[in-house]
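Any read-out appearing in this document is the output of simple, stated calculations on the displayed coordinates, not a laboratory observation. The structure displayed is predicted, hence computed values, not measured ones. Methodologically, a virtual Cβ is constructed for each residue, glycine included, from the backbone with ideal geometry; neighbour enumeration extends over all protein chains shown.
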Amino acid sequence: MGKVQLLLWINEELDTRFRKLIQQKYSKFERGILSYEGEMALRHWLSIHTGAQSSLNIITLPNPTPKVGLAFAQIKEYLLSNYYYELSPGQQVTTAHLKRAIENTRGSDPRTINKWLKTFHKNGLIKPVTSATWEVI
């Protein structure tokens, strides 16, 4: 599949936050990363607005217990106020950011952090993508 140039005019603050997020995610800025992340953002937007997500990929899990749901809401609030512009389903977050959010809201003991990561995963709130990335479900 070929590539085409897309010229957009976007809000300056949004551009700054987007580039900062990419730099945090990859810890370096290489050629093609901005295009790749922009394309992924557009794909996500299109899938939300066109219903292009396959029903085979969606696993229905029971709602998490109120305690887990409340803890995850606190984690998301911390992530939004410190690292991300928005956290929509399908968005990826770094393990480091997730651990730091758990550390600052639930406790800094490594066992506590690992317990909450496993609990969020078990309840279908996040899923691992790579060893350094999780996806918000």
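Tabulated data for the structure shown
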item: Exposed-loop-free span, longest in the chain, where chymotrypsin sites (Phe, Trp or Tyr not before Pro) count as exposed if DSSP calls them loop and at most 14 other C-beta atoms lie within 10 Å; result: 30-84
item: Within the chain, longest stretch clear of exposed GluC sites (Glu not before Pro) (DSSP loop, no more than 10 other Cβ within 10 Å); result: 31-85
item: From the coordinates shown, Cα Rg over 2.2 N^0.38 Å corresponds to which of (1) 2.11; (2) 1.15; (3) 1.20; result: (2)
item: Listed residue pairs exceeding 19 Å between alpha carbons, taken from Lys3/Lys127; Lys20/Lys115; Lys67/Lys115; Lys25/Lys76; result: Lys3/Lys127; Lys20/Lys115
item: Region 66-136: C-alpha gyration tensor shape, a/c 1.5 cut-off, then a/b vs b/c; result: rounded
item: Nearest 10 degrees, 0 to 90: helix 33-50 Cα axis against the chain principal axis; result: 70
